[in-house]
Amino acid sequence: MLITQQDTILIVDDISTNIKVLLDFLDNSNFTVSVAKNGESALRKAQEELPQLILLDVMMPGIDGFETCRRLKANPKTKDIPVIFMTALSDVLDKVKGLQLGAVDYITKPFQHEEVLARINVHLELRKTQLNLVQQEKMSSLGQLVAGVAHEINNPVNFIEGNLHHAAHYLHQLLKLLHLYEIYTDDSIPDIENYSKSIELEFIKKDLCKLLSSMRVGTERIQEIVRSLRIFSRLDEAERKSVNLHDGIDSTLMILGSRLKQTQKHPEIEVVKKYANLPLVECYPGLINQVFMNILANAIDAIQSFVKEKGQIRITTEVTADEKSVLIRIADNGVGISEDVKQKIFDQFFTTKPVGNGTGLGLAIAYCIVVEKHGGTLTCHSKLKEGTEFIITLPLYSNPEEVGDI
Ligand SMILES: Nc1ncnc2c1ncn2[C@@H]1O[C@H](COP(=O)(O)OP(=O)(O)OP(=O)(O)O)[C@@H](O)[C@H]1O
Ligand SMILES: [Mg+2]
């Protein structure tokens, strides 16, 4: 699965002619290029713009390239951005030191355009592959855990359900027998009469049946949960399949269920669903559930960081006017997104959450799955302090030839 938005490269060099040479051919090669003329400004820009790759000069006034690299690697936000050093052809020591500091490669001046491009592309590809592995690992371990739990619950719940059926039957027979005793036994036996009163026999007779039926409702509920867990994990379904998207949304909501409840710190989040009568949609169901998961988890985060009274997530589905696609809107009344931030939300690693809380991959992956993998669209409308709406469109059928590979 490749993320093919335009890659941003940060060039760090104090010499204008060097910058110009690089700018000319990188611009032509369809990269978005940003420039810093010293180490301090490079550190600032790297943290703000989170480029996909940094080309770093060694000799600069102020903090040199080595120190800049050391600080980039020490900052959790920038430590994973690949750094390529730019050194003079003869500086073997520089090359070694740079690599020891965590740089992935070096290019030598004067620049050979083809070589520079080849090295940049190799490292961009490596980084993307690494990212995808991380995300796949995350989802597949969640999927495996969920599938494992579902499997383990399924067996015991099935025998409870099976035995409940027999228990109800036996109970019915025993009650009938009791009734016969009551008719044919002289009710003046004081021990029996006293004991019946003390245990409130008439109440027990009525309550036992109610009790069994609520146990039956309970087991049905657990079976539904198991079904949802299975739909969510869909480990067995790596193929394209025609599925009911509402099942995917509902199973994801169920997994996130505990985050919707009120706690001491957070308000309750109400989920309002307006589902249209959707046809089955041909897609990779496991991947689409991953999209729902990422967007809904973000909505919950946005509500919890902002709303004090009552959070609300509205999910609406409809078929588009041309009847060729379905549209899913997921809206929240959370903190909202400023215009500035909105430009970057689909970028890999862009996050406004504290280190450790967000990796900044959720929406980049969602975009990749919806747009590149399914030929759909993913857009966002938001107003700061009012809320955010993500709109997903998915074609009912997409030609696998025309869309990307996993
Ligand atoms: N519903 C939303 N409301 C407000 N901001 C949002 C919403 N969804 C996304 N964002 C913003 O977009 C950023 C990127 O989201 P994304 O899901 O890609 O990464 P993340 O949630 O920060 O980390 P993770 O990789 O764990 O998902 C978020 O940090 C947040 O600032
Ligand atoms: Mg997220």
For Lys353, list the lysines whose Cα falls under 21 Å from its own Cα; do not include residues on the same chain fewer than 8 positions away. Lys45, Lys73, Lys77, Lys79, Lys138, Lys265, Lys308, Lys342, Lys344, Lys383, Lys385
Rank Pro156, Pro285, Pro82 by mean-square fluctuation in a GNM of the chain with C-alpha springs under 10 angstrom and give only the top-ranked residue. Pro156
When the Karplus curve 6.51 cos²θ - 1.76 cosθ + 1.60 is applied with θ = phi - 60°, which whole-Hz ³J(HN,Hα) does each residue of the stretch 258-265 get, with x for Gly and Pro? 5, 7, 8, 7, 5, 10, 4, 8
Tell me the carbon and sulfur percent of the accessible area for the stretch 285-406, rounded to whole percent, probe radius 1.4 Å. 50
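State whether the stretch 14-71 is rounded, prolate or oblate according to the following rule on the C-alpha gyration tensor (a ≥ b ≥ c being the square roots of its eigenvalues): a/c under 1.5 gives rounded; otherwise a/b larger than b/c gives prolate, and the remaining case gives oblate.
On the way: a/c = 2.33, a/b = 1.37, b/c = 1.71.
Oblate.
Pop out the carbon and sulfur fraction of the accessible area of the stretch 138-233 as a percent, whole number, probe 1.4 Å. Working shown, then result.
Details: 4490 of 7140 Å².
After summing per-atom areas, the C and S share lands at 63 percent.
Starting from the Cα gyration tensor of the stretch 311-406, take the square roots of the eigenvalues, sort them a ≥ b ≥ c, and report rounded, prolate or oblate (rounded when a/c is under 1.5, otherwise prolate if a/b is larger than b/c, else oblate).
Details: a/c = 2.59, a/b = 1.36, b/c = 1.90.
Oblate is the answer for the stretch 311-406, as a/c is 1.5 or above yet b/c matches or exceeds a/b.
Could you work out the percent of alpha carbon pairs in the stretch 8-111 separated by over 21 Å, rounded to a whole number? Walk me through the intermediate numbers first.
Working: 1324 of 5356 pairs.
For the stretch 8-111, the fraction of Cα-Cα distances above 21 Å is 25 percent.
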A student applying the Cα gyration tensor rule (rounded when a/c is under 1.5; otherwise prolate if a/b is larger than b/c, oblate if not) would label the stretch 177-313 prolate
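Taking loop as defined by DSSP and a crowding limit of 12 other beta carbons within 10 Å, which trypsin sites (Lys or Arg not before Pro) in the stretch 39-118 fit? Please list the in-between numbers first.
Working: sites: Arg44, Lys45, Arg70, Arg71, Lys73, Lys77, Lys79, Lys95, Lys97; in loops: Lys77, Lys79.
Counting only loop positions with at most 12 other Cβ atoms within 10 Å, the trypsin sites (Lys or Arg not before Pro) in the stretch 39-118 are Lys79.
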Log10 I(q)/I(0) at q = 0.12 Å⁻¹ for the stretch 138-233, from Debye over equal alpha-carbon scatterers, is -0.58
For the chain, the helices passing both cut-offs (Cα extent along own axis of 24 Å or more, Kyte-Doolittle mean at least -0.5, full DSSP H runs) are 113-184, 201-233, 285-304
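Sort Leu394, Leu93 by heavy-atom solvent-accessible area, probe 1.4 angstrom, most to least.
On the way: Leu394 5, Leu93 145 Å².
Sorted by accessible area, descending: Leu93, Leu394.
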Got a number for the accessible area of Tyr367? Probe 1.4 Å, square angstrom, nearest 10. 60
Excluding residues fewer than 8 places away in the same chain, name every one of the lysines whose C-alpha is closer than 20 Å to that of Lys210. Lys176
May I ask for log10 I(q)/I(0) of the chain at q = 0.06, 0.11, 0.13 Å⁻¹, from a Debye sum over the Cα atoms as equal point scatterers with solvent left out? -0.39, -0.93, -1.13
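The values are calculated or read from the model by the stated rules, or taken from the named source; none is laboratory data. In this text the structure is predicted, and so the values were computed from the model without any measurement. Please note: Cβ atoms are built from the backbone with ideal geometry, for glycine as well, and neighbour counts cover all protein chains shown. Remember, those area values only see protein heavy atoms, side chains included, never the ligands or the DNA or RNA. Shrake-Rupley method; radii C 1.70, N 1.55, O 1.52, S 1.80 Å.
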